[in-house]
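Working notes, structure below.
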Amino acid sequence: MKLLIINGNPSPGNTLFEEFTRDFISGLRDAGHQVREFVLRDMKIKPCTGCFACWVKTPGICSIDDDGRKVAREFIASDHVIIASPLIMGFVSALTKNAFDRNIPLVHPHLEAVDGETHHKKRYDRHPAISFLLQREPFTDDEDIAIATAIFKRESINLRSTLGFIRFIDTPVKEVLDAINIH
Amino acid sequence: MRLTFINGSPRGSKSNTAKVMDYFIQGFLETPGNSCEIQFITRHRGDLNALAGIFSAAERVLIGFPLYIDAMPGSVKEFFESLTPLAGRCRNIELGFVIQCGFPETHQNRFAERYCEKLARRLGCCYMGSIVKGGLEGMAIQPKFLTDKYEYFFHALGLEFGKSGKLDPVLLEKLSRPEHIRQEDLANLIPFINKALWDDQLEKNGVLDRSFDRPLEP
Ligand SMILES: Cc1cc2nc3c(=O)[nH]c(=O)nc-3n(C[C@H](O)[C@H](O)[C@H](O)COP(=O)(O)O)c2cc1C
């Protein structure tokens, strides 16, 4: 499988997170997957400005010429995208969210009904599964996880993808590796 | 009463968030003695700690933002992260949110609303509730009865808030309609939005025939 790991950890000093991600990626490679990792803190990705040029001026391409385009290109070329981020104030990092927002060129402005709600039409035939690899904060509780999980589910519907797994880095690497094969 | 409104739209002063909140603020200021300070997150991106400082010194705060892929825009998340040192320490702040989106159903915002309520609790703020509304993209092409409705309810919410310091639940509920859209109504609404909002802009830009382009095709 072609996998993309989007590493949205803002602090390289967070060694627990970095070591888990490193072991996870080498496990994926050992299992024969083709893996690419983007470390967002080393890339230049400006926030979306809400101009909608990617829908109405240059269909499918963001008006901002930076690494955000690279992430979107690799995103749509993958079978499975794993968003790896520590939870910060109960959600994925701002670094992650800024890169994620830059993915709207992957859908078409037109609406269609999906399970009785409006969503955007697909632009591409195949949209990847999206999974989340997270790190808890000291005070993360079940409610936080339920809130974030509900949003992740919505996000994958909205990008016309499917939600893969949601796992935390305090589980054994092997368990997360197994989860890849299920989804 | 003093209100601090923090506008988190990446479009800044030209946003739908600003447009509807202008009605709210007009209503709010009708009570003599009230005052409102407006801050834009976009203008503080270089130094969010300054904005965090303004937040921590405020009495009543509303934070407004558009829904970006079912959550707050990344730049609003940057601001939330700048509040990390304030967790549990904001007992004197009353905090509410304004969450609006492009899809016509208000329900689309409810998941982000839950997040915001939890964030308010995490900060230790007194949570005032949230103004939540779908269907605000393309106000310029929407029928007048709809834009009049936004003006009326945002103004009325601001007026009541200016008197009581509370977001009136009856007004919130009325503004939020439609929470969902019936299947048969979707069948009429979707082609209208696709044409009047998107195809017309694509056509004006001379790219209607390219709207389904796949420039990132692997
Ligand atoms: C990157 C991006 C993502 C968006 N995601 C959503 C979404 O998930 N659901 C939705 O209903 N609208 C979505 N919208 C539409 C905005 O919420 C809508 O246009 C809003 O009214 C913009 O408000 P503003 O002018 O205050 O920024 C998105 C817009 C952008 C630019």
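Given the C-alpha centroids of the stretch B:4-47 and the stretch A:136-183, what is the distance between them in whole angstrom?
Comparing the Cα centres of the stretch B:4-47 and the stretch A:136-183, I get a distance of 35 Å.
Let's see if you can work this out: charge +1 on each Lys and Arg Cβ, -1 on each Asp and Glu Cβ, no other charges. What is the dipole magnitude of the stretch A:2-182 about its Cα centre, in debye to the nearest 20? Could the numbers behind the result be given before it?
Working: 23 positive and 25 negative charges, 185 e Å.
With only Lys, Arg, Asp and Glu charged at Cβ, the dipole is about 900 debye.
So if I take the centroid of the Cα atoms in the stretch B:151-218 and the same for the stretch A:34-106, what is the distance between those two points in Å?
24 Å
Find the eigenvalues of the gyration tensor of the Cα atoms of the stretch A:37-183, then list the square roots of 5 times those eigenvalues as equivalent ellipsoid semi-axes, largest first, in whole angstrom. Could the numbers behind the result be given before it?
Working: eigenvalues 134, 64, 46 Å².
That gives 26, 18, 15 Å for the three semi-axes.
Over the Cα atoms of the stretch B:127-218, what Rg and Dmax result, in angstrom?
Rg then Dmax for the stretch B:127-218, in Å: 18.1, 58.
How would B:THR4, B:THR84 line up from fewest to most surrounding beta-carbon atoms within 10 angstrom?
Numbers: B:THR4 20, B:THR84 13.
Taking fewest neighbouring Cβ atoms as first place, the list is B:THR84, B:THR4.
Choose one answer from B:VAL20, B:VAL207, B:VAL170: the residue with the largest mean-square fluctuation in a GNM of chain B with alpha-carbon springs under 10 Å.
Ranking B:VAL20, B:VAL207, B:VAL170 by mean-square fluctuation puts B:VAL207 first.
Take every residue in peptide A:86-98, count the Cβ atoms of other chains within 10 Å of its Cβ, and give the average of those counts.
Details: counts 0, 0, 4, 13, 5, 9, 3, 4, 12, 4, 2, 11, 6.
Across A:86-98, the average partner-chain Cβ count within 10 Å equals 6.
Provide the convex hull volume over Cα atoms per residue for the stretch A:36-117, in Å³. The partial results should precede the final answer.
Working: hull volume 10.6 nm³, N = 82.
In the stretch A:36-117, the Cα hull volume divided by residue count equals 129 Å³.
Compute log10 of I(q)/I(0) for the stretch B:88-176 with the Debye formula, placing one identical point scatterer on every Cα and leaving out solvent, at q = 0.13, 0.15, 0.18, 0.26 Å⁻¹, to two decimals.
-0.47, -0.61, -0.83, -1.29
222 nm [θ] for chain B, helices only, -39500 (n - 2.57) per DSSP H run of 4+, per residue, to 500? Don't skip to the answer; put the middle values down first.
Values: 8 runs with 90 residues, N = 218.
Helix-only estimate at 222 nm: -12500 deg cm²/dmol.
Could you give each residue of the stretch A:48-57 its phi-based ³J(HN,Hα) in whole Hz, using Karplus coefficients 6.51, -1.76, 1.60 with θ = phi - 60°, and x for Gly or Pro?
Taking θ as phi minus 60°, the curve returns 4, 9, x, 7, 6, 4, 5, 10, 10, 10 Hz for the stretch A:48-57.
With Cβ to Cβ distances under 13 Å as the rule, what net charge do the other residues near A:ARG154 carry (K, R +1; D, E -1)? Write out the running numbers ahead of the final one.
Details: positive: A:LYS153, A:ARG160, B:ARG110, B:ARG114; negative: A:ASP115, A:GLU117, A:GLU155, B:ASP70, B:GLU105, B:GLU113.
With Lys, Arg at +1 and Asp, Glu at -1, the neighbours total -2.
Would you please classify the overall shape of the stretch B:162-207 from the alpha carbon gyration tensor, given that a ≥ b ≥ c denote the square roots of the eigenvalues, rounded means a/c under 1.5, and beyond that prolate means a/b larger than b/c while oblate covers the rest? Present the calculation step by step, with values, prior to reporting the outcome.
Working: a/c = 7.28, a/b = 1.96, b/c = 3.71.
Oblate.
Please report the relative contact order for the stretch B:85-218, taking Cα pairs under 8 Å with a sequence separation of at least 6, and give it as a percent rounded to a whole number. Don't skip to the answer; put the middle values down first.
Numbers: 146 pairs, mean separation 32.6, N = 134.
Here the relative contact order equals 24 percent.
Consider just the alpha-carbon atoms of the protein assembly as shown and return their Rg together with their Dmax, both in angstrom.
Gyration radius and largest Cα-Cα distance of the protein assembly as shown: 21.1, 70 Å.
Quick one: net charge around A:ARG123, please, counting Lys, Arg +1 and Asp, Glu -1 for every other residue with C-beta under 12 Å from its C-beta. The partial results should precede the final answer.
Details: positive: A:LYS121, A:LYS122, A:ARG126, A:ARG160, B:ARG210, B:ARG214; negative: A:ASP125, B:ASP213, B:GLU217.
Its environment carries a net charge of +3.
Over the alpha carbons of the stretch A:134-183, what is the largest minus smallest coordinate on each principal axis, giving the biggest first in Å?
Projected onto its principal axes, the Cα set of the stretch A:134-183 covers 32, 26, 11 Å.
Once amide H atoms are built 1.01 Å from N in the peptide plane, which residues 5 or more positions from A:THR162, or in another chain, come under 5 Å H to H?
Those qualifying (amide H under 5 Å, at least 5 residues apart or on another chain) are A:ALA129, A:ILE130.
Once every DSSP H run of n ≥ 4 in chain A is given -39500 (n - 2.57) and the sum is divided by its residues, what mean residue ellipticity at 222 nm do you get, rounded to the nearest 500 deg cm²/dmol?
Numbers: 6 runs with 66 residues, N = 183.
Value at 222 nm, helices only, nearest 500: -11000 deg cm²/dmol.
Compute the signed sum of charges (Lys and Arg +1, Asp and Glu -1) over the other residues within less than 14 Å, Cβ to Cβ, of B:VAL132. Present the calculation step by step, with values, prior to reporting the outcome.
Details: positive: B:ARG110, B:ARG114, B:LYS133, B:LYS174, B:ARG177; negative: B:ASP70, B:GLU105, B:GLU113, B:GLU117, B:ASP168, B:GLU173, B:GLU179.
Its environment carries a net charge of -2.
How would you rank B:ASP22, A:ASP42, going from fewest to most other Cβ atoms within 10 Å of each one's own Cβ?
A:ASP42, B:ASP22
Would you mind telling me which residue in B:ASN16, B:ASN188, B:ASN109 has the biggest mean-square fluctuation in a Gaussian network model of chain B, where springs connect alpha carbons within a distance under 10 angstrom?
B:ASN188
Above 25 Å lies some portion of the pair distances; for chain B, what is it as a whole percent of all C-alpha pairs?
Values: 9917 of 23653 pairs.
Result for the distance tail: 42 percent.
Which one of A:HIS120, B:GLY158, A:VAL35 is farthest out on the positive end of the charge dipole of the protein assembly as shown, using unit charges on Cβ (Lys, Arg +1; Asp, Glu -1) and the Cα centre as origin?
Going by the charge dipole, the pick is B:GLY158.
All of the numbers you see were taken from the coordinates with simple rules; none came from a lab. Fair warning: this is a prediction, and the values are worked out from it, not measured in the lab. Methodologically, a virtual Cβ is constructed for each residue, glycine included, from the backbone with ideal geometry; neighbour enumeration extends over all protein chains shown.
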